[in-house]
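The values are calculated or read from the model by the stated rules, or taken from the named source; none is laboratory data. All figures in this text were calculated on a predicted structure; none of them were measured in a lab. Here the Cβ positions follow ideal geometry from the backbone for every residue, glycine too, while neighbour counts run over all protein chains shown. In case anyone asks, the SASA skips ligands and DNA or RNA and just uses the protein heavy atoms, side chains included. Shrake-Rupley method; radii C 1.70, N 1.55, O 1.52, S 1.80 Å.
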Amino acid sequence: MYNFKEVEQKWQKKWEEEGTFNAKNDYTLPKWYGLIEFPYPSGQGLHVGHPRSYTALDIVARKRRMQGYNVLYPIGFDAFGLPAENYAIKNHIHPKITTEQNVAHFKQQLKSLGFSFDWSREINTTDPDYYKWTQWIFIQLFKKGLAYKATMPINFCTGCKVGLANEEVVNGVCERCGSPVVQKEKSQWMLKITEYAQRLIDDLDDVDFLDKIKAQQKNWIGRSEGAEVNFKIKDTDDSLLIYTTRPDTIFGATYMVISPEHPFIEKHKDMIQNLSEVKEYQEKAAMKSDFERAELNKEKTGIEIKGIKAINPLTNEEISIWISDYVLITYGTGAIMAVPAHDQRDFEFAKKFKLPIKLVIKSKTEDIENKELEEAFTGVEDGVSVNSGFLTGLDSKDAINKAIEYIEENNLGKRKVNYKLRDWVFSRQRYWGEPIPMVYCEDCGWVPVPEEELPLKLPEIQDYEPGENGESPLAKQTDWINTSCPHCGKPAKRETDTMPQWAGSSWYYLRYMDPHNDKEFVSKEALEYWSPVDWYNGGMEHTTLHLLYSRFWHKFLYDIGKVPTKEPYQKRTSHGMILGENGEKMSKSKGNVINPDDIVREFGADSFRVYEMFMGPFDQTAPWSMESIRGCSKFLDRVWSLQDILVDGDEYSKEFENMMHKAIKKVGNDIEEMKYNTSVSTFMTMVNEFSKAKKINKKEFETFIQLLNPFAPHMTEELWERLGHTDSLAYQPWPEYDEAKTIDDLIDLPIQVNGKLRANVEIQKDEDKESVKEKVHQNEKIKTYIEGKEIVKEIYVPNRIYNIVVK
RNA sequence: GCCGAUAUGGCGGAACUGGUAGACGCACUAGACUCAAAAUCUAGCGAGAAAUCAUGUGGGUUCGAGUCCCACUAUCGGUACCA
């Protein structure tokens, strides 16, 4: 009987002592760098979802070692973050201590699963030797003008008391704590990711990401082409700048709308006749988050700014100006020209406030000119301009270009590309993060901490509560704050905000290449050799945040000559979620959480790994099943008992030769395509065949063990040793197959009559058509189906199928 | 609303470029072993008496459709007035 406990401990100990999986520093070998998203060490311990991704790439990593690559498969901990800090506030334990405990727990759990990580390169984002370089990168960003301070309306979490990036707000509430998010003015450090928007789109062409990942990144960046146009304000020298993707519709702009936060209101308050009403509307809008504004406004709200009119630059007509919260200050110019006939939102607004609707595009396919519009006509493909002066008669596509030409020639505005992507709010008013290494001097402004003074260490404090107004807890640390200006030496103050959790994870894959370097963030040699990451697997939920942020940092490092590749990751795949046994997301409150420790204790790591690979297609969601894991455990027991029917043999036996070659091909391909579930069924089928024959020879067993090793590394190492080998299975060459031997010589050919299966006949591979036809027509069953009928047609697809059509 | 994914036995799921639907596993049934049970082993296992019918629904293309086309439905995920 197989004793998984003993065997797994034995090999885990050996691997650890011998450093079996440590990457070699020999840069002449072919390399392969596999990466999984390093975990946040939460107090709950490892989730059964973590090992799904880790096992999948562990299998690839192990296969690559057998294929002769120098493999880097590293692990670390993304240990800054809010849960540790919230826990500290509640229980008065320093986050550093809980983090250390949690990391220790995670390490023990990860090691119990037999992943072939290179533990000698373990990193931790909270380690000053690590965040020294996170701070260093920030300073480089600052030096190049990509980090800047801005006072702007930000999302403010009423629970965490921190500003959040737009990306961190989910359904109007804080992604982390679930509290409502409101708008608040706050001075923040920002990173200019928007400067890289176009390159973040373009360079996707050069990498091998799943199509759905590329699509999601592109949609998030949200490029649109259009024009900025100035609308003059009547009786002033001022004008309002708007952005539009449909400059061909300007003749139909019958009013304008600006966002409630638009500075235009303050600037012209003296002219506004209903200022108090306008102010009231502004205040109401400020109370709402972007989400609420969107959600609550199925019915449009707004108010006219009385006393001010604008001039449509093409019709020269006087038009009214409105304020409404469906226009967002954060996109475009915060002001729009409203074309109710050709924009659905404008249409709804115009209907509600009885504003003029002017048709300037007609449809080629339906008559919309002679009836009342029920909705805006927005088609570009089948649109033609009407009532539009010099544009009249042009197809919409041409009209757009013609309109932009006109606008530019007459200095009314210019062609403009916009992105939905916004700059990255990089400040957090929190304790448990990397201090932002900046000093404010009355005379010199913001000055970076000198690089030789890095790391700027996080001071040890007792009081982690954020300040009343949402300041960082560090704001109370007067000793730490007060310093001297690195530039002029006068008294100055440190920045008290810290970095977001995304900071440490934006470059960790680089540090793995050279984790103990205290001179540089990574040595040039290590970068040249290991870059880029060959295969990065992670969750779909990180496609728009982490993946985009780290690509941005990488591109910046490329621009300043610090990394050799434009893109950090050559290939990106994603895994599906694991749900509870009831098909719902695992959560404490639902009581459906599966603890990996329990599974390892009851079934062993190999069973656990095999089950997670067998449970379903890797990229799809799958529910956990205790019954099914038992089946995988039974399978491994059957593998173990193959020893009882082992016979001699240095070659594959005639009987199994075909099966062996097919299996090598199938498992090899499946691993590359992440179709692990069908690999496992291949193994099961093989075991069934060997058991049925009551024999397996040594050569066959060895090959089988080699193929299975990436999936069930402990048992296979043990079996390998028992077969008399003294060297580790981990570095044995991956088995090869002969294509010719994967094809069967005898084929059980299916015969159809009128497309329905009626019989099978046995033929030789590539038997000639006449001979097959004869066999088919002699078949007794077939005879009964075609007797007395007229044969219309006979179709023979060689080696696949034979179909007779009768009447 | 929009974008994307998915839909196959009691359950998880297989099925190459259109070519024997249900591989493999679970559950279940029967038998062997056992005083008995568990474990293990062996066999069976979509529905139907059969003809046949079956891959979410309704059409279509084809000698042949889970796979291709058209129109729907449901579930899950992403997104939220982006001018």
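For region A:69-79, name all the residues that are touching a strand residue (DSSP E or B) at 6+ places or on another chain (Cβ under 8 Å), closer than 17 Å to A:ARG511 by Cα and part of a loop (DSSP other than H, G, I, E, B).
Residues satisfying the conditions are A:TYR73, A:PRO74, A:ILE75, A:ALA79.
Would you check if A:PHE353 is open to solvent by less than 20 Å² (accessible area, probe 1.4 Å) and either in contact with a helix residue (DSSP H, G or I) (Cβ under 6 Å, 6 or more places away or on another chain) or modelled with pLDDT of 85 or more (or both)?
Details: open to solvent by less than 20 Å² (accessible area, probe 1.4 Å): no; either in contact with a helix residue (DSSP H, G or I) (Cβ under 6 Å, 6 or more places away or on another chain) or modelled with pLDDT of 85 or more (or both): yes.
In short, no.
Say whether the condition of being at pLDDT 90 or above, outside any loop (DSSP other than H, G, I, E, B) and within 30 Å of A:TYR33 (Cβ to Cβ) is met by at least one residue in region A:443-456. Within region A:443-456 (the criterion being at pLDDT 90 or above, outside any loop (DSSP other than H, G, I, E, B) and within 30 Å of A:TYR33 (Cβ to Cβ)), the answer is yes, since at least one residue qualifies. When region A:214-233 is filtered for residues that are near RNA strand B (Cβ under 7 Å from one of its atoms) and either without any contact (Cβ under 8 Å) to a residue 40 or more places away in the chain or basic (Lys, Arg) (or both), the ones remaining, listed by number, are A:ALA215, A:ASN219.
Give the residue, chosen from A:THR236, A:THR194, A:THR244, that is within 10 Å of RNA strand B (Cβ to nearest atom) and either on the phi < 0 side of the Ramachandran plot or free of Cβ contacts under 8 Å to residues at least 60 places away in the same chain (or both).
Values: A:THR236 fails: within 10 Å of RNA strand B (Cβ to nearest atom); A:THR194 fails: within 10 Å of RNA strand B (Cβ to nearest atom).
Unique residue meeting the criteria: A:THR244.
This table checks each residue for (1) open to solvent by 40 Å² or more (accessible area, probe 1.4 Å); (2) not hydroxyl-bearing (Ser, Thr, Tyr).
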| position | (1), (2) |
| --- | --- |
| A:ALA215 | yes, yes |
| A:ILE221 | no, yes |
| A:SER224 | no, no |
| A:LYS234 | yes, yes |
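Taking the options A:LYS789, A:LYS775, A:LYS781, A:LYS793, name whichever one is within 16 Å of RNA strand B (Cβ to nearest atom) and assigned to a strand (DSSP E or B). When all the criteria are applied, what remains is A:LYS793.
Being part of a loop (DSSP other than H, G, I, E, B) and under 27 Å from A:SER42 (Cα atoms) is the requirement here; does A:GLU581 meet it?
Numbers: part of a loop (DSSP other than H, G, I, E, B): yes; under 27 Å from A:SER42 (Cα atoms): yes.
Here the answer is yes, as A:GLU581 does meet what is asked.
The set of residues from region A:311-328 being in contact with a strand residue (DSSP E or B) (Cβ under 7 Å, 6 or more places away or on another chain), within 30 Å of A:LEU421 (Cα to Cα) and either of a type outside the set (Ser, Thr, Tyr) or surrounded by fewer than 18 Cβ atoms within 10 Å (Cβ to Cβ) (or both) comprises A:ASN312, A:PRO313, A:ILE321, A:TRP322, A:ILE323, A:VAL327.
Say whether the condition of being closer than 20 Å to A:THR573 by Cα, open to solvent by less than 10 Å² (accessible area, probe 1.4 Å) and in contact (Cβ under 8 Å) with a residue 24 or more places away in the chain is met by at least one residue in region A:13-31.
From region A:13-31, those closer than 20 Å to A:THR573 by Cα are A:31; that's our starting set.
Still in the list and also open to solvent by less than 10 Å² (accessible area, probe 1.4 Å): none.
No, there is no match, as no residue in region A:13-31 is closer than 20 Å to A:THR573 by Cα, open to solvent by less than 10 Å² (accessible area, probe 1.4 Å) and in contact (Cβ under 8 Å) with a residue 24 or more places away in the chain.
So which pairs qualify, if the first residue must be in region A:338-359 and farther than 16 Å from A:ALA310 by Cβ and in a helix (DSSP H, G or I), the second must be more than 11 Å from RNA strand B (Cβ to nearest atom) and hydroxyl-bearing (Ser, Thr, Tyr), the Cβ gap must be under 7 Å, and the two must be at least 6 apart or on different chains? From residues that are farther than 16 Å from A:ALA310 by Cβ and in a helix (DSSP H, G or I), there are no pairs. In region A:749-767, of all residues being outside any strand (DSSP E or B) and out of contact with any Phe, Trp or Tyr (no Cβ under 9 Å at 6 or more places or on another chain), the one that is most open to solvent (accessible area, probe 1.4 Å) corresponds to A:ASP766.
Scan region A:468-505 residue by residue and report those that are assigned to a loop (DSSP other than H, G, I, E, B), among the small types (Gly, Ala, Ser) and open to solvent by 10 Å² or more (accessible area, probe 1.4 Å).
Narrowing region A:468-505 to residues assigned to a loop (DSSP other than H, G, I, E, B): A:468-472, A:477, A:485-490, A:495-497, A:499-503.
Narrowing further to those that are among the small types (Gly, Ala, Ser): A:470, A:472, A:489, A:503.
Answer for region A:468-505, where residues must be assigned to a loop (DSSP other than H, G, I, E, B), among the small types (Gly, Ala, Ser) and open to solvent by 10 Å² or more (accessible area, probe 1.4 Å): just A:GLY489.
All told, A:THR249 falls short of being touching a residue at least 40 places away in the same chain (Cβ under 8 Å) and touching a Pro at 6+ places or on another chain (Cβ under 7 Å). Just checking, does region A:704-714 include any residue being on the phi < 0 side of the Ramachandran plot and surrounded by fewer than 22 Cβ atoms within 10 Å (Cβ to Cβ)? Within region A:704-714, one or more residues are on the phi < 0 side of the Ramachandran plot and surrounded by fewer than 22 Cβ atoms within 10 Å (Cβ to Cβ). Only residues that are free of Cβ contacts under 8 Å to residues at least 60 places away in the same chain, over 24 Å from A:GLU541 (Cβ atoms) and either surrounded by 20 or more Cβ atoms within 10 Å (Cβ to Cβ) or near RNA strand B (Cβ under 10 Å from one of its atoms) (or both) were counted across region A:599-636, and they come to 10.
In region A:395-405 there is no residue that is at pLDDT 85 or above, out of contact with any Ser or Thr (no Cβ under 7 Å at 6 or more places or on another chain), among the small types (Gly, Ala, Ser) and part of a loop (DSSP other than H, G, I, E, B).
Take the residues in region A:197-213 that are touching a Leu at 6+ places or on another chain (Cβ under 9 Å) and closer than 13 Å to A:LYS571 by Cβ, then tell me which one is farthest from RNA strand B (Cβ to nearest atom). Let's see the steps before the verdict.
So in region A:197-213, the residues touching a Leu at 6+ places or on another chain (Cβ under 9 Å) come out as A:197, A:200, A:209, A:213.
Cutting the leftovers down to closer than 13 Å to A:LYS571 by Cβ gives us A:209, A:213.
Details: A:PHE209: 14, A:ILE213: 10 Å.
Checking each candidate, the answer is A:PHE209.
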